[in-house]
Amino acid sequence: MKKDVLHFGLIALVNLFVFTGIFLFLQDSGNYTHTLGKVSKNYERTGSWDNSRITKVSKPYQKFEKEKLSGWDADIYKCIKEHMYSVDEGCYSKVRGAFFPLFPLLWKLTHTGLTGISLINYLLFSLSIGLLVHFFSKAGSFEKAILFALLISLPSTVVFFIPYSEALFLFTMTLAAIGLVKRKYGLYFLGSLLLAMVRPATLFILVAIVIVEILFFYVPGNLKKSLQNLARKTAPFLLGYVFVWLIQFAWSSSWTTFLDAGKYWGGWAFQRIHGISDWSVEGFALSTFSLAFICIPALVFVLYSLERRKDIFRFIPVTGEQEKADPVRFLFLISAFYLAGILTFIFFTSGGNMHSFFRFTLASPPFYILSVLLFNKSYTKPETRSIIIPLFSTSLLVFFLYLVSYGGNRADFSFWGLYLFVLNYLYFVFAGWLGKQYKIVLLSVLVFLNLIWNTYMFNIFLSNGWIFT
C-alpha cells in the first residue's frame, strides 16, 4: 500500500507539473508559433453574451486568470455555492435546480476560490484513480504505476482540472465500489448516499443496479433474500435523493425545484435524430471515440448478457471466489449497463447532437472502473482474440466518420483527441506484448501528447469556447 501511495502521488505531481509547464510554455507567442501554432488554432470569443461570436484564431494560450475558471457549468455551481437554491437570487434561478448540491456544498465548506476548488478536484481525481488501481488491479507495482499514469492523463481528463462535479462523482462512486467489493456495507452506504447527491446522472447508476440485481443476482427460490439484497443496494441512493429534495426545498420553498429546472432546460424528452452534430469539433471527436470504442461495445455486451445470462460470468473478472454473487462481477455489470444506458438515453433524447457525450462517458466512474477491471486481462500477454474488439471498434469508427459530414477535415488538429484516444486504447490493450523499456518509452510519449491536448482543451475553457457545458 505504501509503495503504491508513493508511486501514485509522485506520478500525479509530475503530471500536474508537466501540464502546467506546457500551458505556460504555450502562452509565449514565439513558443506557440514555432510549435503547436504550426498545426492548430485557438478559440476566441468576441461580442456580448447575448450576441457573441466564437472563432478560431492564430494566437497563443490565454494568460491564466482565476476568474476565467468561472465558465459554463462552473459558474452555475459557483452561484449555488453562494446562494444555494434561493429564489430571491437572480443568477441561473431557472436552471439551478438541475444541479445537485454536494459539489457546491463541498466548495463552500472548503472556503476555496476557483483555483483552490480546481486543485481539490485534481486531488480527488488522482486519489480516486489511485484507489481503484490499488484495490481492483491484480498487477504488480510496475504495471499499476503504468495504468495509473495512463488513466490520469487521458485526452478527456481536462474536465478534472476545472470547477466541475466530475471529480466528486468519481470519488464518491469509488468509495461505494470499494465498500461493495470489500463487503463493507457502511462504506458502500456512505459512498452511494453521497454519490446520489452529486448529479442527476447517478440515476443511471441506480437503474443499472436494479436491473443487474434482478436479472443476474436473484437468489433462486428465495424472494425475501433477493428483495433484501436489492433494498440494501438501493436504499442509500433513495436516501441521497431525499436529501437533495429537502435541501432544494429548504432554500426554494418548492418541492418541484428539480422538475421545474428540467422543464426549462429541455433535452429530456424524446427527439428524432435530425443529423449528427456537436457544439465543437473537439467534443465531437472525443464523443466519436466514446461511441465506437466504449459505449457501443458496452451496449453489445449488455445485449449479449441479457440473452446469455447463464454464460456471461465467464467473461467477467472475479476476485478469486467463483460464486455467482461475486461483487466484482456486479460492479463490472453495472458499469457496462451505465455506459449502455447513457448511450441509449442520448440516442433517444439528443436529436443527434452529441454535445457533452464524452463528458458523460469518458469522464465517468464506470469508464474508469471498467478500465481497471479489464486491465487485469491485458497487463500480461493478451490472447490473440483480443484484437477482435479493436478491429470492430476501428471499423465502426471509420464507417461512422464516413457517413457523418460534421467536423470537416478529419486531418484537422481538432480531431487529435480522437486519434490520441485510439493510441491510448491500443497501448492499453496490447502493452502486455511489450518489454518493460518499450512500455516506459511509449507511455512517456503518449502521456506527453495527452497533456498537450489537455492544455489545448483547458485553454478553450478559459477562452469561453463552447465545448464543456
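Would you work out if the stretch 1-129 is rounded, prolate or oblate? Take a ≥ b ≥ c from the square roots of the eigenvalues of the alpha-carbon gyration tensor; rounded if a/c is under 1.5, else prolate when a/b is larger than b/c, oblate otherwise. Oblate is the answer for the stretch 1-129, as a/c is 1.5 or above yet b/c matches or exceeds a/b. Computed across the stretch 54-108, the Kirkwood radius stands at 12.8 Å (inverse of mean 1/r, all Cα pairs).
From helices alone, the chain scores -20000 deg cm²/dmol at 222 nm; the rule is -39500 (n - 2.57) for each run of n ≥ 4 DSSP H residues, then divide by the residue total. When only Cα pairs below 8 angstrom with a gap of at least 6 residues are kept, the chain shows a relative contact order of 23 percent.
For N353, the residues 5 or more places off, or on other chains, whose built amide H falls under 5 Å of its own are S277. Charge dipole (Cα centre; +1 on Lys/Arg Cβ, -1 on Asp/Glu Cβ; no other charges) of the chain amounts to roughly 1000 debye. The stretch 140-198 and the stretch 12-38 have Cα centres separated by 28 Å. Once semi-axes √(5λ) of the Cα gyration tensor in Å is calculated for the structure shown, the corresponding label among [x] 35, 27, 20; [y] 39, 30, 18; [z] 32, 29, 22 turns out to be [z]. A simple count of charges around S40, restricted to other residues whose Cβ falls under 10 Å of its Cβ and scoring Lys, Arg +1 and Asp, Glu -1, yields +2. For the stretch 339-469, the alpha-carbon radius of gyration amounts to 1.17 times the rule-of-thumb value 2.2 N^0.38 Å expected for a compact globular protein. Anisotropy class assigned to the stretch 22-71 is oblate, per the alpha carbon gyration tensor with a/c at or over the 1.5 cut-off and a/b no larger than b/c.
In terms of distances greater than 21 angstrom between alpha carbons, the cross-link table entries K144/K184; K108/K182; K184/K233; K377/K439; K184/K225; K3/K144 yield K144/K184; K108/K182. In a simple Cβ point-charge model (Lys, Arg +1; Asp, Glu -1; nothing else charged), the stretch 1-133 has a dipole of about 360 debye relative to its Cα centre.
Bear in mind these aren't lab numbers, they're just calculated from the coordinates by the rules spelled out. It should be emphasised that the depicted structure is a prediction, and the values quoted were computed from it without experimental measurement. Glycine gets a Cβ as well: all are built from the backbone with ideal geometry, and neighbour counts include every protein chain shown.
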